[in-house]
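Working notes for the structure below.
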Amino acid sequence: MAAISISHVTKHFRIYPTPWQRLRDIIGLQSQYKEFDALNDVSFDIQAGEFWGIVGRNGSGKSTLLKMVAGHLQPTSGTITTHGKVTLLQLGLGFDPELTGLENNTHSRMLQNLGSDFEEIEEFVKDFSELGDFINYPVKTYSSGMHSRLGFATAIAGDPDILIADEVL
């Protein structure tokens, strides 16, 4: 059984020239928009234990695909099946520069729907990130390396079965 199975996945986006055109479309009025195909009929399987890299030009749909595998977006058509707990590592996802490292850990995990185990994983995040007392300081005071360590520790806390890393390098 595949850890991730992607079958005939297509994702279309509508691009509106103004917010008013989007509102018109939402309420069922005629609106102006362009169709953008981020992905078209993508299929492949990833077995447990495999490591994959997806490369391509800017705008080729890499991040869109990864967000769909993580459950943050739904495909327009096709199916994505995952077996196990999935975490999407996007450095700084949900981080508020005014909040502390620990507050951002909770905030980010809530935004990603990664569970309510905040107190259980707090020690792991403190130890793994190696931020010391900085874990209690606002993230706006962090260096880029500190920011990256907090993001990575937050993503892998809770021991995900599938870790998706998007533009972490």
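Conditions tested, residue by residue: (1) of a type in the set (D, E, K, R); (2) assigned to a loop (DSSP other than H, G, I, E, B); (3) on the phi < 0 side of the Ramachandran plot.
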site	(1), (2), (3)
Ile6	no, no, yes
Lys11	yes, no, yes
Trp20	no, no, yes
Leu23	no, no, yes
Ser31	no, yes, yes
Ala38	no, no, yes
Asp41	yes, no, no
Exercise for review: Go through segment 64-95 and count every residue that is modelled with pLDDT under 90 and open to solvent by 50 Å² or more (accessible area, probe 1.4 Å).
Suggested key: 4
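Does any residue of segment 35-51 turn out to be of a type outside the set (S, T, N, Q), under 30 Å from Ser143 (Cα atoms), under 16 Å from the mean Cα position of the chain (by Cα) and surrounded by fewer than 16 Cβ atoms within 10 Å (Cβ to Cβ)?
The answer is no; no qualifying residue exists.
The values are calculated or read from the model by the stated rules, or taken from the named source; none is laboratory data. On a predicted model such as this, the values are computed, not experimentally measured, just so you know. All Cβ positions, glycine included, derive from the backbone under ideal geometry; neighbour counts span all protein chains shown. For the accessible areas, the whole protein counts, side chains as well, though only heavy atoms, and no ligand, DNA or RNA atoms are used. Shrake-Rupley method; radii C 1.70, N 1.55, O 1.52, S 1.80 Å.
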